[in-house]
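Contents: one structure, followed by commentary.
The values are calculated or read from the model by the stated rules, or taken from the named source; none is laboratory data. Since the structure is predicted, the reported quantities are computational estimates derived from the model, not experimental observations. Ideal geometry is used to build each Cβ from the backbone, glycine not excepted, and the neighbour counts take in all protein chains shown. Accessible surface is based on the protein model in full, side chains and every heavy atom, while ligands, DNA and RNA are left aside. Shrake-Rupley method; radii C 1.70, N 1.55, O 1.52, S 1.80 Å.
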Amino acid sequence: MVSHPKGSELSSPRRRASLQTKFFSLPTTSDYFKEKNFKPTKIVGMILLSDPNPDASRIQNLIIDKMLKVPRFRSVCRLEDGHTIFEPIVDMDQFDMDYHLKVVNGLGKMTEQDGSDLVSEAHLMNWDATKPLWKLTLVKNMIDGRSMLLCVIDHALGDGASLSAVMLSLFDKKPIKKTGESTSQKSHRPYKTKVRLSHRIVSFLYGSYAGFIGLHIGGADPENGLKIPLAKKRCEPAGKKCTQTKHFPLSEIKAMKNKLPGTTINDIVMGIATIAIQDYFEKTNDPVLHKIKNGGKNLHLQFTVNYRDRNTTMEDLVANTNNRLVVGQVSMPIGVKSPIDVVWDCKAQMDEFKISPVIAILWNVGSFLLRFLPDSAIEEAALDSFSKATACMTNIMGPAEASSIAGYLIDDFSFLGTGHGQSLYLGVISYNNRVRITVCMDELVQADPQEFKKSLEVGYTKLNSCIMSASPEELNPPDQMPKSAKVLEALIPIL
């Protein structure tokens with residue numbers, strides 16, 4: 001029997017959470033959300049261990065020594081006078097370890113795909129609101145001679161940046177780099193795009209419009225084979241179907257990035273996702289391609305932005321898990337002939353987000369609305385937000401070297417999110433100099449995740465081949481200055 005730390009070692013004040021955290025807690029704390037059977041948004045980590053039979057007591061010690069040091073992981077979440085409160089468990093003898101850590105014997109039959117099926121069960125699971133909102137499942141003796149630690153954590157405890165930092169803090173060997181950031185949030189590129197004053201003015205104006213109005217009232221993507229049909233928007237929640245691509249060498253992705261001056265790894269990955277979606281629609285003869293090419297319709301890819309100071313460290317994220325994210329989106333350049341041009345288009349849109357005020361405006365407008373909207377309006381807005389875009393993608397940087405947890409070597413690591421009404425989620429993670437994409441698709445979507453996984457691998461191959469075989473002229477950055485900025489620049493001397 002493992003002893004718990006004394007209450008004094010874990011004492012912490014009860015905390016009032018942010019409005020964004022309140023939003024994620026509503027499926028568990030709000031009677032209205034529970035009546036609608038709105039499933040909590042969860043963040044899931046799958047850690048595959050090389051040892052088939054790890055000692056569960058060592059995992060339990062890890063939870064006690066590290067996880068329970070994080071305040072929200074030892075606190076009960078509840079609603080009080082319209083505010084979300086985290087009430088710490090003072091007497092750790094009352095902490096139900098059997099609820100939070102489950103051990104399953106795979107009997108030499110359970111596969112990695114079976115492990116992914118546990119994600120579907122986790123998505124449909126409702127929390128016991130009298131306990132902290134997380135669970136771990138240790139699956140031993142899988143068919144491939146490995147074991148798996150499945151971590152399921154409610155988004156109310158923190159966003160992807162916070163919770164990935166918590167998970168990485170469990171590793172025996174901590175990565176030296178700052179973590180919890182997607183490559184879209186921080187760039188280490190030596191090449192910097194020069195932005196003219198007229199471009200900045202136009203970006204400011206458009207960003208202000210998008211932040212206050214455009215992204216809130218914009219219509220949803222047209223119906224397609226990767227989206228939950230609009231007619232099923234209010235159906236009972238279904239499970240999730242998941243799979244993973246093969247591993248892509250991080251060195252190859254960096255080589256592609258270095259060939260295209262000023263791009264980031266995130267630009268490359270967005271390009272791969274766009275090429276994959278077009279490839280899948282072409283293989284399935286999806287009518288949406290006709291709408292895109294002839295009707296001017298667009299498909300969108302959502303992404304999350306870590307709205308924190310750039311100097312935030314992994315230790316800061318672990319010590320103060322919270323939600324500080326903004327959801328942005330790019331219009332996927334479906335139908336663009338050259339894979340290289342797809343990347344340039346994605347980069348141009350991401351650069352607009354970086355130089356415009358849209359991120360700050362979205363954060364403040366969202367916080368303002370959450371302060372005053374009733375639960376019924378928030379629930380409707382949440383459904384609309386998830387159903388607008390065709391896909392959502394996050395990108396997490398894991399350790400660059402092989403790591404271990406509780407003394408067991410980590411063979412692989414993946415990270416994803418499950419949202420109510422979210423059609424297609426792509427979780428991109430780098431670990432041990434390899435990159436892998438997890439596909440998480442709602443069961444209300446008719447698409448086959450295995451076929452879409454193949455399209456992602458085709459997208460990677462197409463882009464890598466195109467970039468590596470291109471001439472220097474073909475790799476030169478195009479003029480990405482908006483036409484409106486050029487018109488403004490021409491008018492300035494006249495005015």
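The residues of segment 124-140 that are in a loop (DSSP other than H, G, I, E, B) and of a type outside the set (Phe, Trp, Tyr), listed by number, are 125, 126, 128, 129, 130, 131, 132, 133.
Within segment 390-413, the set of residues being in contact with a Ser or Thr (Cβ under 8 Å, 6 or more places away or on another chain), open to solvent by less than 10 Å² (accessible area, probe 1.4 Å) and small (Gly, Ala, Ser) comprises just one member, 391.
Return the only residue of 466, 440 being of a type outside the set (Lys, Arg) and assigned to a strand (DSSP E or B).
Details: 466 fails: assigned to a strand (DSSP E or B).
Testing whether each residue is of a type outside the set (Lys, Arg) and assigned to a strand (DSSP E or B) leaves just 440.
May I ask you to list the residues in segment 208-231 that are part of a helix (DSSP H, G or I) and either surrounded by 15 or more Cβ atoms within 10 Å (Cβ to Cβ) or in contact with a Gly (Cβ under 7 Å, 6 or more places away or on another chain) (or both)? Walk me through how you get there before you give the answer.
Quick first cut of segment 208-231, residues part of a helix (DSSP H, G or I) only: 208-217, 230-231.
Residues satisfying the conditions are 208, 210, 211, 212, 215, 216.
Working carefully through the options 437, 429, find the one that is touching a residue at least 40 places away in the same chain (Cβ under 8 Å), buried (at least 21 other Cβ atoms within 10 Å of the Cβ) and among the β-branched types (Val, Ile, Thr).
437
Taken together, the residues in segment 444-456 that are surrounded by 16 or more Cβ atoms within 10 Å (Cβ to Cβ) and either in contact with a Gly (Cβ under 9 Å, 6 or more places away or on another chain) or in a loop (DSSP other than H, G, I, E, B) (or both) amount to 3.
The set of residues from segment 457-480 being buried (at least 16 other Cβ atoms within 10 Å of the Cβ) and modelled with pLDDT under 95 comprises just one member, 480. Just wondering, is there one or more residues in segment 359-378 that are of a type in the set (Gly, Ala, Ser), open to solvent by 20 Å² or more (accessible area, probe 1.4 Å), under 20 Å from the mean Cα position of the chain (by Cα) and under 25 Å from residue 443 (Cα atoms)? Checked segment 359-378: no residue is of a type in the set (Gly, Ala, Ser), open to solvent by 20 Å² or more (accessible area, probe 1.4 Å), under 20 Å from the mean Cα position of the chain (by Cα) and under 25 Å from residue 443 (Cα atoms).
Considering only segment 331-362, state which residues are part of a loop (DSSP other than H, G, I, E, B) and within 26 Å of residue 291 (Cβ to Cβ). Steps first, please.
Start the filter on segment 331-362 by keeping residues that are part of a loop (DSSP other than H, G, I, E, B), which leaves 332-338, 356-357.
Residues satisfying the conditions are 332, 333, 334, 335, 336, 337, 338.
Among the residues making up segment 20-48, those that are under 11 Å from residue 156 (Cα atoms) and of a type in the set (A, V, I, L, M) are 26, 43.
The set of residues in segment 11-53 being over 29 Å from residue 439 (Cβ atoms) and of a type in the set (Asp, Glu) consists of 31, 35. Taken over segment 89-135, the criterion of being open to solvent by 70 Å² or more (accessible area, probe 1.4 Å) and in contact with a helix residue (DSSP H, G or I) (Cβ under 7 Å, 6 or more places away or on another chain) is satisfied by 90, 91, 103.
If I go through segment 103-120 residue by residue, how many of them are among the acidic types (Asp, Glu) and closer than 10 Å to residue 241 by Cα? Break it down into steps so the answer makes sense when it comes.
Initial filter on segment 103-120 (among the acidic types (Asp, Glu)): 112, 114, 117.
If we keep only those that are closer than 10 Å to residue 241 by Cα as well, we get 117.
The total comes to 1.
Each residue in segment 279-308 was checked for being closer than 18 Å to residue 459 by Cβ, more than 22 Å from the chain's Cα centre (by Cα), outside any loop (DSSP other than H, G, I, E, B) and not basic (Lys, Arg), and 7 of them qualify.
If the condition is being outside any strand (DSSP E or B) and either buried (at least 19 other Cβ atoms within 10 Å of the Cβ) or in contact with an Asp or Glu (Cβ under 8 Å, 6 or more places away or on another chain) (or both), then segment 313-330 contributes 314, 317, 318, 321, 322, 323, 324.
Of all residue pairs spaced 6 or more apart or on separate chains, those with beta-carbon atoms under 7 Å, a first member in segment 188-209 that is within 19 Å of residue 362 (Cα to Cα) and hydroxyl-bearing (Ser, Thr, Tyr) and a second member that is at pLDDT 70 or above and surrounded by 14 or more Cβ atoms within 10 Å (Cβ to Cβ) are 203/352; 203/355; 203/356; 206/356; 208/357; 208/361. Scan segment 143-171 for residues that are touching a helix residue (DSSP H, G or I) at 6+ places or on another chain (Cβ under 9 Å), open to solvent by 10 Å² or more (accessible area, probe 1.4 Å) and part of a loop (DSSP other than H, G, I, E, B) and the total you get is 3.
Looking only at residues of segment 236-269 that are in contact with a helix residue (DSSP H, G or I) (Cβ under 8 Å, 6 or more places away or on another chain), in a strand (DSSP E or B) and open to solvent by 10 Å² or more (accessible area, probe 1.4 Å), we find that the one that is nearest to residue 461 (Cα to Cα) is 244.
Looking only at segment 367-392, residues that are in a helix (DSSP H, G or I), modelled with pLDDT of 90 or more and touching a strand residue (DSSP E or B) at 6+ places or on another chain (Cβ under 9 Å) come to 0 in all.
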